[in-house]
Amino acid sequence: MVFNDGRQWVRALKKRIGRVSLPSAFDSRLALRFVTFVVAPSVVFALIVLLFSAWSLQTTVRQSDQAMRDRQVREVRATIAGVLDELAQTQGGVAIWDPAWEEARKPDPDLDWIEDNVGIWLHHTFGHDSIYILNARNEPLFAMVDGKRSDADSYRKVAADLAPLVDSARGIGPRPPSVHDRLDGHALHPDSTVRTSEYAIHATDLAKIDGRAAAVSVMRMFPSSYWNEADAGTEPLLVSVRFLNSGLRKSLADFGMIEGARVTPRPDLPGSGTLSLRLKSSTGEPIGYFTWRPQMPGRAILKSIRGRVIAALAAMAVLLTLLLAGIGRLMARDAKLIGEISAAHTELQAKEAQANYLALHDSLTGLPNRTAFMDFVDRALSAHHGGEGPAVMLVDLDRFKQVNDTLGHLAGDRLIEQVGERLFAVTPSNGMVARLGGDEFAICLPAGPGGPEAVAIAEAALEQLREPFSIIGSTVHIGGSIGIALAPRQAVARTELLRRADIAMYRAKEQGRDGCRVFSADMDRTMLRRLRIEEDLRKVLTGDEGLYVQFQPQYTAEAGRLAGFEALVRWTHPTLGELAPDAFIPVAEDCGLILPLGMWVLKETCRVARAWPRLGFAVNVSPVQLRAPGFASQVTAAVCEAGVSPAQIELEITETMFLDTDESIRSTLAALRKAGFRLAIDDFGTGFSSLNYLSRFHVDRIKIDRSFVARLGQDVQAGAIIETVISLGQALDVSVIAEGVETSEQRAFLQLAGCNTLQGFLFSAAVDERDLPALLESRRPALSGL
Ligand code: C2E
Ligand code: CA
Ligand code: CA
């Protein structure tokens with residue numbers, strides 16, 4: 001994009017940069033996104049997994065513990081049943097045995113025999129704790145407690161506790177239901193509670209004996225050979241007691257499953273970690289509680305793995321945290337990267353825009369530059385089909401160099417900026433104003449404007465340039481010269497259009513500056529003439545005939561005495577005839593030929609001057625010569641070579657050269673002075689009106705410009721200026737000469753004002769070398785002409 005205006009571009013750039021979000025806002029947004037989309041879901045997921053796992057584990061543990069508990073309860077019940085069955089079973093070995101039966105039925109049984117064959121057998125082999133044999137009247141005929149024979153009293157202590165089962169074995173009273181059926185398929189004897197054999201009659205049950213829980217079995221004794229002859233009511237009874245604490249524990253310990261089993265009157269308090277099974281007899285009489293420490297495999301596993309689970313959870317939490325932190329860092333890095341990329345992108349865009357801008361704009365004024373202008377003109381030309389074509393104007397500032405030289409480059413820059421703004425203001429919006437470089441500006445008006453409109457815009461631009469400029473505290477007056485070229489109806493190339501505008505501008509400058517000219521064909525002819533002059537001048541300087549020097553005399557104002565001459569170059573052109581210096585000096589300055597030409601005039605003058613050592617000879621020096629490196633030494637060498645004293649030669653230098661801040665010009669002037677040349681300021685008053693330099697730089701003579709002399713008598717100001725300059729010269733002790741004196745009135749005014757020297761047609765025009773002796777001979781030729 002091309003902006004016509006630099007400020008417009010800066011605004012666009014700022015707007016673009018403004019679109020980049022700030023890093024802090026970016027961070028907080030990123031943090032929120034990170035928490036919402038990463039941290040929260042991860043934590044929730046981890047918690048769900050954790051809770052589910054805990055719940056599953058808990059359930060498994062509970063179920064496994066419950067299963068184990070159920071199994072242990074079943075085990076305990078079975079064991080209790082087994083204890084009862086075993087008790088009854090082991091009784092059978094001696095109760096259904098003829099010798100024992102016979103012995104027990106004797107009125108006076110052999111107790112030793114019974115002890116040996118029944119008591120010891122049952123106690124030692126089967127672990128019965130108490131063994132009693134009762135007679136038909138239920139009196140104990142044999143008693144053994146804890147493996148020791150005992151007396152009848154030991155039975156009486158427990159007789160009441162045993163009575164229900166004793167009665168039951170006799171077939172009296174309620175019988176405990178048969179629950180301990182171990183021999184499946186065999187008919188149960190109607191009187192037996194336990195089936196141990198087909199004939200055996202038992203009353204076997206849990207009971208509280210002497211306050212302790214026990215398995216008790218009461219069995220009818222009878223002969224194995226004729227059991228059916230036995231009398232139920234009179235047969236001896238074998239009573240076996242096995243206390244659960246000892247017997248049951250042993251049986252359960254055998255399984256290796258039940259730990260810490262004991263029989264207690266009451267269950268353990270809840271939370272003690274034990275399990276209690278309520279014991280009761282078949283008739284429902286409470287016996288106590290069987291208590292043990294149940295195995296809890298689930299809990300045990302839980303306990304064993306708890307440490308590892310906690311460690312695993314901690315590790316998982318740490319891992320999760322690290323993972324999240326890692327993701328966070330990655331996201332932050334990515335975001336930072338994206339931020340950086342987008343910032344870099346924006347910067348790149350900005351740089352690209354800046355590069356574009358710089359490529360097409362002038363940095364000082366912000367206006368389009370030469371490239372942009374040429375492009376604009378090309379486009380205007382190609383868009384033009386018939387009708388009025390585009391117009392191109394070239395603007396050259398007058399006196400810009402003086403501002404630059406006197407006020408400095410900074411002032412020059414400010415002036416260029418202000419000129420740019422003023423020209424921008426007068427350029428129509430569809431046109432373009434550009435700075436081509438230096439103090440050169442150009443305006444292009446696309447298709448449409450005819451000559452009058454283009455001239456009107458040029459006049460408006462000149463009007464703007466005439467207005468004073470305020471530059472770092474100083475008021476500056478400049479002006480401009482504008483050349484206009486209008487694209488003709490037929491196609492024309494951009495370079496041709498610009499060339500024409502350039503010629504028109506040159507013409508405007510030539511014709512007194514501060515004006516505008518529209519290109520016309522005859523201007524082109526002038527240009528061609530210039531080119532021809534350049535070509536011919538080159539030839540004449542390399543040896544051809546035609547150049548010569550004339551000398552215009554200068555007289556003292558008081559006495560009218562011949563004081564010296566000004567050397568003025570002339571050229572007899574082979575086809576154009578006599579040419580005044582104004583016709584070829586500017587061309588020579590433009591193409592650099594002024595250097596050999598100036599040197600040639602100097603040498604010619606020296607040659608003549610040598611013959612008139614008491615007269616001064618003034619030679620004009622162009623600014624181009626003064627800027628040429630080594631000028632001072634070349635001039636000094638040429639003069640010395642000619643055998644002339646530099647003091648006889650006066651170098652006429654235009655006013656602006658003394659204002660130049662360039663160090664090389666200052667040193668050249670100083671070197672010339674040092675070599676002994678006289679220095680004169682030519683055309684004084686036409687340049688930049690600052691006289692400060694006169695006090696800073698010593699000159700020998702001030703030459704009042706002939707335009708002031710010409711205006712004497714018509715313009716009051718001209719006289720005042722001349723008087724001022726003369727009195728200034730007197731004050732500074734600098735000689736003052738007036739040129740272009742044509743009338744005696746002018747001469748009288750200048751004489752009266754105190755001017756030192758006079759030169760002009762009133763006395764003599766420039767004359768050939770050969771006419772010099774005649775001039776010298778007439779003592780007062782000037783006064784004689786009055
Ligand atoms: P300038 O230095 O101001 O020279 C004085 C000019 O005024 C000369 O014009 C001279 O013929 C003319 N002139 C003398 N008296 C009168 C008068 O009473 N009335 C009028 N109207 N004009 C008078 P010229 O010879 O045509 O020179 C024109 C300019 O050419 C000079 O102006 C000078 O700037 C330049 N020029 C001449 N010769 C040389 C030269 O050898 N080297 C350089 N660099 N410039 C030269
Ligand atoms: Ca001169
Ligand atoms: Ca002059």
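The values are calculated or read from the model by the stated rules, or taken from the named source; none is laboratory data. In this text the structure is predicted, and so the values were computed from the model without any measurement. Every residue, glycine among them, receives a Cβ derived from its backbone with ideal geometry; neighbour counts consider all protein chains shown.
Taken over the range 602-646, the residue count meeting the criterion of being assigned to a helix (DSSP H, G or I) and more than 60 Å from the chain's Cα centre (by Cα) is 19. Look at R627 and say whether it is within 16 Å of ligand 3 (Cβ to nearest atom) and out of contact with any Gly (no Cβ under 6 Å at 6 or more places or on another chain). Against the criterion (within 16 Å of ligand 3 (Cβ to nearest atom) and out of contact with any Gly (no Cβ under 6 Å at 6 or more places or on another chain)), R627 does not qualify. When we screen R701, R673 for residues that are away from ligand 2 (no atom under 16 Å from the Cβ), more than 60 Å from the chain's Cα centre (by Cα) and crowded, with 18+ Cβ neighbours inside 10 Å, the only hit is R673.
Among the conditions (1) outside any strand (DSSP E or B); (2) within 10 Å of ligand 1 (Cβ to nearest atom); (3) in contact with a Leu (Cβ under 7 Å, 6 or more places away or on another chain), L537 misses just one, which is (2).
When the residues of the range 572-587 are narrowed to those that are under 19 Å from K509 (Cα atoms) and surrounded by 14 or more Cβ atoms within 10 Å (Cβ to Cβ), which ends up farthest from ligand 3 (Cβ to nearest atom)? This residue is V587. Exactly one residue among V433, V476 is in the same structural domain as E417 (by TED's automatic domain parsing), hydrophobic (A, V, I, L, M, F, W, C) and within 18 Å of D375 (Cβ to Cβ), and that residue is V433. If D268 meets every condition in (1) in a loop (DSSP other than H, G, I, E, B); (2) touching a Gly at 6+ places or on another chain (Cβ under 9 Å); (3) at pLDDT 80 or above apart from one, which number is that one? Here D268 clears every test but (2).
Given the structure, is L364 among the hydrophobic types (A, V, I, L, M, F, W, C), within 36 Å of the chain's Cα centre (by Cα) and outside the structural domain of T495 (by TED's automatic domain parsing)? Criteria met by L364.
A count restricted to the range 318-342 and to residues that are in contact (Cβ under 8 Å) with a residue 40 or more places away in the chain and either of a type in the set (G, A, S) or exposed (fewer than 14 other Cβ atoms within 10 Å of the Cβ) (or both) stands at 6.
The residue that is surrounded by the fewest Cβ atoms within 10 Å (Cβ to Cβ), among those in the range 125-136 that are under 9 Å from P236 (Cα atoms) and of a type outside the set (G, A, S), is N135.
Close Cβ contacts (under 8 Å, 6 or more residues apart or on different chains) running from residues in the range 701-716 that are within 21 Å of A731 (Cβ to Cβ) to residues that are among the polar types (S, T, N, Q) and near ligand 3 (Cβ under 10 Å from one of its atoms) comprise D705/T686. On the given criteria, is M599 within 16 Å of ligand 3 (Cβ to nearest atom), assigned to a helix (DSSP H, G or I) and not polar (S, T, N, Q)? It is false that M599 is within 16 Å of ligand 3 (Cβ to nearest atom), assigned to a helix (DSSP H, G or I) and not polar (S, T, N, Q). Comparison of I482, I443 shows that the only residue that is in contact with a Cys (Cβ under 9 Å, 6 or more places away or on another chain), surrounded by 14 or more Cβ atoms within 10 Å (Cβ to Cβ) and assigned by TED's automatic domain parsing to the domain that holds D405 is I482.
What residue, of R627, R696, R706, is surrounded by 14 or more Cβ atoms within 10 Å (Cβ to Cβ) and more than 15 Å from ligand 2 (Cβ to nearest atom)? Result: R627 is the single residue among R627, R696, R706 that is surrounded by 14 or more Cβ atoms within 10 Å (Cβ to Cβ) and more than 15 Å from ligand 2 (Cβ to nearest atom).
In this structure, is A567 within 15 Å of ligand 3 (Cβ to nearest atom) and surrounded by fewer than 13 Cβ atoms within 10 Å (Cβ to Cβ)? When the stated conditions are applied, A567 does not pass them.
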